[in-house]
Amino acid sequence: MAGQNKQAAKASRVRLFVDMPIAAGVELPLESAQSHYLGTVMRLAPGDTLFIFNGRDGEWRAAIATLRRGAGTLLPEAQEKPQRAANGPWLLFAPVKSSRTELLIEKASELGAAELWPVMTQYCQSKRVKPERYRAHAIEAAEQCGRLEVPEIQPLAALSAVLEAWPADRRLMFCDESGGPPALEALAAAPPAPWAILVGPEGGFSTAERAEIKSRPYCVPVSLGPRTLRAETAAVAALSLWQAVLGDLRSGN
Ligand code: SAH
């Protein structure tokens with residue numbers, strides 16, 4: 001800025017998701033909100049560095065090449081981390097009140113859910129989903145927690161249709177509030193496979209739904225303990241248990 005002394009370049013820990021291929025020396029345009037965030041919120045300037053990722057090319061160090069109000073460009077300098085395969089489970093959830101659903105998306109993204117599937121169930125309170133907002137929350141969580149990819153958000157679909165078209169090899173950890181085998185034991189006993197987790201709405205599952213889910217050969221019913229958890233708490237508990245038994249909580253960082 002005019003009249004200010006030039007500051008030494010800052011190496012910031014800011015991480016940004018960019019939905020474009022990343023290659024050394026190939027400038028990337030910033031979205032307006034991103035340039036506002038870098039310039040106004042984080043007080044960064046051209047020459048300062050940050051980290052970027054796109055879900056495909058790993059994490060890169062990039063320098064801010066230009067930064068103006070509402071616009072700017074980044075210059076990728078070097079890859080800092082290679083891309084790793086995302087092998088967390090999918091999370092199927094019934095949309096609840098917006099603020100709670102957004103919390104669920106944020107926490108599921110932090111806990112490594114690979115895909116987020118909003119599903120309509122019989123006692124669903126909310127038939128409205130906001131895919132753009134969901135994605136914004138997933139991106140923000142991925143940026144903040146150091147993930148190398150943003151969980152994909154699937155379009156809203158009826159649970160029965162999703163179960164009907166289910167990939168045969170993928171197991172479904174069915175969080176059943178009416179009780180079931182302890183989750184730790186059920187997960188530890190299952191043979192290796194890709195996984196998904198299913199959490200119901202505040203109203204729970206109907207008797208017919210429960211029977212339909214449990215009749216599927218890929219279903220692994222589990223209890224999350226003696227207390228009835230809210231849907232977003234159940235999602236956090238289920239993902240944590242899954243990651244502890246089968247996922248990346250086994251290996252530290
Ligand atoms: N209204 C229901 C509770 C629904 S809780 C009732 O009173 O029974 C929302 C969802 O969280 C449930 O559908 C289930 O998927 C999950 N959940 C909550 N507590 C759970 C528990 N103790 N064990 C397994 N799943 C649970």
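The values are calculated or read from the model by the stated rules, or taken from the named source; none is laboratory data. Keep in mind that what you see is a predicted model, and the values were worked out from it rather than measured. Cβ coordinates were reconstructed from backbone atoms using ideal geometry, including for glycine residues, and neighbour counts include every protein chain displayed. All accessible areas refer to the heavy atoms of the entire protein, side chains included, with ligands and DNA or RNA removed. Shrake-Rupley method; radii C 1.70, N 1.55, O 1.52, S 1.80 Å.
Over the chain, with a single point scatterer placed on each C-alpha, what log10 of the ratio I(q)/I(0) does the Debye formula yield at q = 0.15, 0.17 1/Å?
Debye intensities relative to I(0), on a log10 scale: -1.00, -1.18.
So what's the convex hull volume per residue for the Cα atoms of region 93-171, in Å³?
Hull volume normalised by residue count: 92 Å³.
Rg (Å, one decimal) plus Dmax (Å, integer) for the alpha carbons of region 2-81?
11.9, 41
By DSSP, what percent of the beta bridges with both residues in the chain are antiparallel, rounded to the nearest 5?
Beta bridges within the chain, antiparallel portion: roughly 40 percent.
Positive end of the charge dipole of region 77-151 (Lys, Arg +1 and Asp, Glu -1 on Cβ, about the Cα centre): tell me which of A86, Q125, T101 has its Cα farthest that way.
Q125
How much area per residue is accessible in region 77-226 when the probe is 1.4 Å and only protein heavy atoms are counted (Å²)?
I get 47 Å² per residue for region 77-226.
Taking all protein chains in place and a 1.4 Å probe, what share, in percent, of the accessible surface of the chain do carbon and sulfur account for?
Here it works out to 54 percent.
Of the lysine pairs in the chain, how many meet both conditions: Cα atoms under 25 Å apart, and a spacing of 8 or more in sequence or different chains?
8
So which chymotrypsin sites (Phe, Trp or Tyr not before Pro) in region 51-133 are both in a DSSP loop and have at most 15 other Cβ atoms within 10 Å of their Cβ?
Y123
Please work out the ratio of the alpha-carbon Rg of region 1-137 to 2.2 N^0.38 Å and round it to two decimals.
Scaled against compact globular proteins, the figure is 1.28.
Compute the length gained on full extension between S178 and T40: take 0.36 nm times their separation in residues and subtract their Cα-Cα distance, giving the result in nm to one decimal.
44.7 nm
Work out the FRET efficiency for R68 and E115 from their Cβ-Cβ distance, taking R0 = 30 Å, and round it to the nearest 0.05.
E between R68 and E115, to the nearest 0.05, is 0.25.
Rounded to the nearest 0.05, what FRET efficiency do A11 and A33 give with R0 = 22 Å and r taken as the Cβ-Cβ distance? Could you check?
0.45
Stokes-Einstein at 37 °C, 0.692 mPa s, Kirkwood radius from Cα pairs: D for region 119-243 in µm² s⁻¹?
Stokes-Einstein gives a translational diffusion coefficient of 210 µm²/s.
Between A211 and D248, what is the label-point separation in nm under the 7 Å Cα-to-beta-carbon projection?
Using points 7 Å along Cα→Cβ, the separation is 4.2 nm.
Give me the extension gain from D169 to Q154: residue separation times 0.36 nm, minus the current Cα-Cα distance, reported in nm with one decimal.
3.5 nm
For A190 and K127, what is the calculated FRET efficiency with R₀ set at 35 Å and r taken between the beta-carbons, to the nearest 0.05?
Efficiency for this residue pair is about 0.60.
State, as an integer percentage, the relative contact order of region 2-81 based on alpha-carbon contacts under 8 Å between residues 6 or more apart.
Relative contact order of region 2-81: 35 percent.
Search the structure for amide H atoms under 5 Å from the amide H of S206, placed 1.01 Å from N in the peptide plane, and list their residues when 5 or more places away or on another chain.
Excluding prolines and chain starts, which carry no amide H, the hits are Q122, Y123.
With n ≥ 4 as the cut-off for DSSP H runs, can you work out [θ] at 222 nm for the chain, using -39500 (n - 2.57) per run divided by the number of residues, rounded to the nearest 500?
Helices in the chain give a 222 nm mean residue ellipticity of -8000 deg cm²/dmol.
Could you give me the ³J(HN,Hα) list for region 98-107, computed from phi with Karplus coefficients 6.51, -1.76, 1.60 and θ = phi - 60°, whole Hz, x at Gly and Pro?
After applying 6.51 cos²θ - 1.76 cosθ + 1.60, I find 3, 5, 6, 5, 5, 4, 4, 5, 4, 5 Hz.
Would you please give the residues with an amide H less than 5 Å from that of E80, counting only those at least 5 places away or on a separate chain, with H modeled from the backbone geometry?
E59, W60, R61
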